[in-house]
Amino acid sequence: MSNSKILANGVDVYYGSKQALFGISMDIKEKEVTALIGPSGCGKSTFLRCINRMNDLIEICKVSGSIKVDNEEIISEKTDVVSLRSKIGMVFQKPNPFPKSIFDNVAYGPTIHGLVDSKNDLEEIVHSSLKKAGLFDEVKDRLNEPGTSLSGGQQQRLCIARAIAVNPEIILMDEPCSALDPIATAIIEELIDELRLNYTIIIVTHSMQQAARVSQKTCFFHLGELIETGETNKIFTNPDNTKTQDYITGRFG
Amino acid sequence: MFFWSLVLIAVGIFSSFIYGRSRIKLNSKKQGTKSKSLPNYYAQYVLMWCLFPALIVYFSWAIFQEQIIQNIVISNFEYIEGAVYNEGLLLAEIRNVANNPSFADGKSIEIINAASHYSSLRQISQISFYTSIIIIMLLGALYASQKLKPEFHAQHTIEKYIQYILIFCSSVAIFTTIGIVFSLIFESLRFFAEVSIFEFLFSTEWYPFIPIREGQTAAEGSFGAVPIFAGTFLVMVVAMCVAAPLGLLTAIYLAEYASQRVRKIVKPLLEILAGIPTIVYGFFAFVSVAPFVKAFGQSIGIDASPTSALAAGMVMGVMIIPFISSLSDDVINSVPQSLREASLGIGANKAETIKKVILPAALPGIVGAFLLAISRAIGETMIVVVAAGTAPNLTGNPFENVTTVTVQIVVALIGDQEFDNPRTLSAFALGLVLFVITLFLNIIALQIVKRYRERYE
């Protein structure tokens, strides 16, 4: 229990009258990569978006149950969503840089959170974030160009740099490579492997190979239920549940 | 007369349709082959050949009949030596007598003769009108029926005709616009032949009351439009001061804060504002707002006139709120949701997200909305006619009377309808300026909006 970073217990999610998640309970360890896999519409993205309360944006979405981050309940009226989200970064399916310069994209978070006092500090954070995201060498000469001028893979790494610039502890990744070509995907996967040393990462993915490559833990969702969770090695070689077996061997999904 | 001819045409096209349909069926049965298109297309083919020639005859009669008859009557009129006639009055008199014989009492014999000539011409025209419609429809149907063979591709031909019809319809609007522009230009040229263009554009005296009939006495007029442009600009600025913040904040509320339910109710309500006739706004401005402005002006020690730029501008601002709010709302809504999520996901709050991400991203579209609203404001007439006054003051004080381009056009056209003097012709020059300004504003606005769209779609 001691190094449990996120602890979910009996999480139900409804979109209007339709229930999307059924009593999800999960224990996510610190500084590990946890992959959420499962067929489309199984609720893995929905669960991911519960962790930083992104589902609040959807008017008809109701979340109940308990999710504790660092032993603090976050499914509650009292939760400070803004500070929660600054602790939990998110990378989205489609790269979504702001229509601003590369520099301003990364500087956005530190500026609004008042993390820096001087211009030099800001530059320092921007540069180090870009370095951590493995993008710095490619863009260091054109930090003032718009972020949207980068290639898809670079944009996604820019989004990762933007997320880690506010120094989060957890990074949520919602199919971060689904819009990228294999080479850009490989770069991002390598990056995830490095980031694992400092961050707790939860990644939703459609690619089972990707889950196998980058994650230590894997959770298999099906029709809104968490079917099986365990060490990635075990899930992919010797799952307990026949549904998991069927999915990873490609019999459905 | 024209009603019955429409009935006649309707009967004609109906029977031509039936005829075409049964004829092609008969023909294909006779030849023992299936027709290339469905029978209905052959029927439509006959119908079109029946209808369009008839319509051409109909409209040429409607347009030219009266003119031709009048010319014949006038050219045959037995003028009395030495008497002076006004052709227009004479024609009106002849028509009156012809339409209503009781007016004939006391008229001269020439007029009565002319009136009966007029009546008989009308009768001839009517008979020949009906005959030619019937003949042309029969000819059309006859021509078309020769083509009714199974191997004829009626459908292709019909589609070509429909394309012509569509082209014709869309060119009506375009040619009307071109026509209006040219009439503006030519009438303005007549104006500038009498008044120098430099005086019009740069002089600050607008006093268009010149002697328009021989024998009238009045001062020499002057046509410096600067006070009018200044007045238009002043009213527009006041209107935008009201509409820009209100409209933009409304849009932000609607797009970012309001729930779906509120939005569904409020947005149509706002758009109803745009549907209120502007004259209603006008008397609202005059009856309610202008006295308030006057009282307010007095309370702070400014001598306000009963109609003022401020009153008109404020009400006009309310009028254009829906333009700004509705367009800006659309623009803000089309900022991708992913940008919102990105910003919120970093831990920005809603206000920061709106200020730093959404508004900058939506800015070009919002500017476009403002420009469209401005062009609407300077083209607006009724509110300013009623509530801003007609005095061409060159002033920056919104509590004073001002006048605008549109108001001066109204003033120029009231009373005298003969376009033979600079006063009435000035309406065209002002209209031309207004047209050019709004045209440019619209082009710029649409360009901005388009470029913005391209970025996100």
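A few notes on this one:
- Filtering B:Ile13, B:Ile94 for residues that are of a type in the set (A, V, I, L, M, F, W, C), farther than 20 Å from B:Glu159 by Cα, in the same structural domain as B:Ser128 (by TED's automatic domain parsing) and buried (at least 16 other Cβ atoms within 10 Å of the Cβ) leaves a single hit, B:Ile94.
- Yes/no for A:Ile125 being within 14 Å of another protein chain (Cβ to nearest Cβ), over 25 Å from B:Lys355 (Cβ atoms) and of a type in the set (A, V, I, L, M): no
- For the stretch A:146-177, residues that are under 21 Å from A:Ile51 (Cα atoms) and outside any helix (DSSP H, G or I) total 13.
- Any hit, the stretch A:195-216, residues being touching a residue at least 40 places away in the same chain (Cβ under 8 Å), closer than 16 Å to A:Glu30 by Cβ and in a helix (DSSP H, G or I): yes
Yes/no matrix, rows are residues, columns are (1) more than 26 Å from A:Ser4 (Cα to Cα); (2) surrounded by 19 or more Cβ atoms within 10 Å (Cβ to Cβ); (3) in contact with a strand residue (DSSP E or B) (Cβ under 6 Å, 6 or more places away or on another chain); (4) within 14 Å of chain B (Cβ to nearest Cβ):
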| residue | (1), (2), (3), (4) |
| --- | --- |
| A:Lys131 | yes, no, no, no |
| A:Glu138 | yes, no, no, no |
| A:Glu145 | yes, no, no, no |
| A:Gln154 | yes, yes, no, no |
| A:Cys159 | yes, yes, yes, yes |
| A:Ser178 | yes, no, no, yes |
| A:Glu194 | no, no, no, no |
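- The stretch A:103-122, subset polar (S, T, N, Q) and more than 11 Å from chain B (Cβ to nearest Cβ), residue farthest from A:Ile187 (Cα to Cα): A:Ser118
Per-residue answers, yes or no, for (1) out of contact with any strand residue (DSSP E or B) (no Cβ under 9 Å at 6 or more places or on another chain); (2) more than 13 Å from chain B (Cβ to nearest Cβ); (3) more than 23 Å from A:Leu143 (Cβ to Cβ):
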residue: A:Met54; (1), (2), (3): no, no, yes
residue: A:Ile60; (1), (2), (3): no, no, yes
residue: A:Ser64; (1), (2), (3): no, yes, yes
residue: A:Lys68; (1), (2), (3): no, yes, yes
residue: A:Ile75; (1), (2), (3): no, yes, yes
residue: A:Thr79; (1), (2), (3): no, no, yes
residue: A:Lys87; (1), (2), (3): no, no, yes
residue: A:Phe92; (1), (2), (3): no, no, no
residue: A:Ser101; (1), (2), (3): no, no, no
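- Test for B:Ile56: is it β-branched (Val, Ile, Thr), in the same structural domain as B:Ala10 (by TED's automatic domain parsing) and modelled with pLDDT of 90 or more: yes
- Those helices (runs of 4 or more DSSP H) of the stretch B:278-364 in which 1 or more residues are within 14 Å of chain A (Cβ to nearest Cβ) occupy B:309-333, B:337-345, B:350-353.
The values are calculated or read from the model by the stated rules, or taken from the named source; none is laboratory data. Keep in mind the model is a prediction, meaning the values are calculated, not measured. Positions of Cβ are generated from backbone atoms using ideal geometry, with glycine treated the same way; all protein chains shown enter the neighbour counts.
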